[in-house]
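The values are calculated or read from the model by the stated rules, or taken from the named source; none is laboratory data. Because the structure is predicted, anything quoted here is derived from the model rather than measured. Note that each Cβ is placed from the backbone with ideal geometry, even for glycine, and that neighbours are counted across all protein chains shown. All accessible areas refer to the heavy atoms of the entire protein, side chains included, with ligands and DNA or RNA removed. Shrake-Rupley method; radii C 1.70, N 1.55, O 1.52, S 1.80 Å.
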Amino acid sequence: PDVWDVINEPDLSTPLYSGTQIGQAIKAAGDKLVANGFTAKFNGPSNTSTGQARFHIDAMASVPGALQYIDTFTYHRYTGADVEMLGELRNRAVLHSKKLAMTEWYLPQNSYVTLHEDLKFGINSSWEEFALAWLGPDTGGILVEVTGATSVTISQRAKFYRQYFKYVRRGAVRYEATSNSGNLDALAFRNVDKHTVVVKANNGGTINVSGLPSGTYGIFYTTNSAYNVNLPNQTINSGQILTTSIPTTGVLTVYATNGGSPTPTP
C-alpha cells in the first residue's frame, strides 16, 4: 500500500482512540516497517468531526518520532466544518510540513462547492467523497452508478468534480488566483508547465482570465442542465486576456493544450 490509515473515525470507535494513541501506533508500526525494509507512510486522524481533528493532530504530533512517518493529515466533514476550521487544519499542515486531505463525506449535501472550498481554504492535496462506484442510483458518495449487468454512468455530482479532476493531475501545484466578481471564484494550478484554471460560477456571464502564459487553451463547462460542453480553443500571447463565458451556474475549466504534461484520457 502507498499509505496506511491507522484507524478510521477514531472519535466513533469503541473504545475511543485518542490522538496520542494514534501517534504511538504510527511510531511503533513505522519503526517496525522500516526495520524490515519497507517504506512507512501513514495518514490520520480521519475524524468524523472536522473540528475534533485538530486536537487529534496536535496529540499525534506530540508523540516523539511519529511525525516522520505521517504523510497526510486527514479529516471527514460530517460535523464542525467551516472556513475557519479548515484554516485551523491548514495551519497545522503547514506547521508540520504535511499534506491535508478530506477523505469522507457521503451525504447528499456534499458537492463541488465543498470540493472547491476544501481546495481553497484547506489546501487539500487529495479529496474523496466516499466510493468509486456503487450498485444502484447515487444517493450520496459515489462517482459512478452501476445499474444492471452492463449500465455504468457517471453520477451527477461527479460530472462537476470532473471539471476539477480531469486537468489537475497528480503532482500539480496550486497557486493564488483572485476574482473581482462576487459571482466567480477561481482556483489555479500548474501541472509541470501546463496551467489549469477552474472557475466556480454562481451565475452565468462573461469570464475574463488574465495572467496565463502564452499558448493554446481548451475550455469546457458543466451546469445542472449541460454536461461537458466544449468551447472553441483559444490561443493567447503572454499578457493577453482569455475571454469566455458560461450560460448559468456551474463550473468552467480552462486548460493548456500544449506543454510538457500529457493530456489525460477522459
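Figures for the structure shown
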quantity: Alpha-carbon spread of the stretch 1-153, three principal axes, descending order, Å; calculated: 50, 38, 29
quantity: Rounded percent of accessible protein surface that carbon and sulfur make up, the stretch 110-209, 1.4 Å probe; calculated: 54 percent
quantity: Karplus (6.51, -1.76, 1.60) ³J(HN,Hα), θ = phi - 60°, over the stretch 212-219, in Hz, Gly and Pro reported as x; calculated: 7, x, 4, x, 9, 10, x, 9
quantity: Mean separation of Cα contacts under 8 Å (6+ apart) over length of the stretch 69-143, as relative contact order %; calculated: 32 percent
quantity: Rh by Kirkwood over Cα pairs, then Stokes-Einstein D for the stretch 144-206 at 0.692 mPa s and 37 °C, µm²/s; calculated: 237 µm²/s
quantity: Low-density loop cleavage sites - GluC sites (Glu not before Pro) in the stretch 98-201, where at most 13 other Cβ are within 10 Å (DSSP); calculated: GLU176
quantity: Span-rule helices in the chain, defined as complete DSSP H runs reaching 15 Å or more along the axis (Cα) with Kyte mean at least 0.0; calculated: 19-35, 83-95
quantity: Square roots of 5 times each gyration tensor eigenvalue, C-alpha, the stretch 190-255, largest first, Å; calculated: 21, 12, 10
quantity: Relative contact order (%) - the chain, alpha-carbon pairs under 8 angstrom, separation at least six; calculated: 11 percent
quantity: Alpha-carbon spread of the stretch 56-117, three principal axes, descending order, Å; calculated: 40, 20, 16
quantity: Relative contact order (%) - criterion: Cα under 8 Å, at least six apart; region: the stretch 102-182; calculated: 23 percent
quantity: Longest to shortest principal axis, alpha-carbon extents of the stretch 129-266, angstrom; calculated: 51, 33, 26
quantity: Normalised alpha carbon radius of gyration of the chain [divisor 2.2 N^0.38 Å]; calculated: 1.10
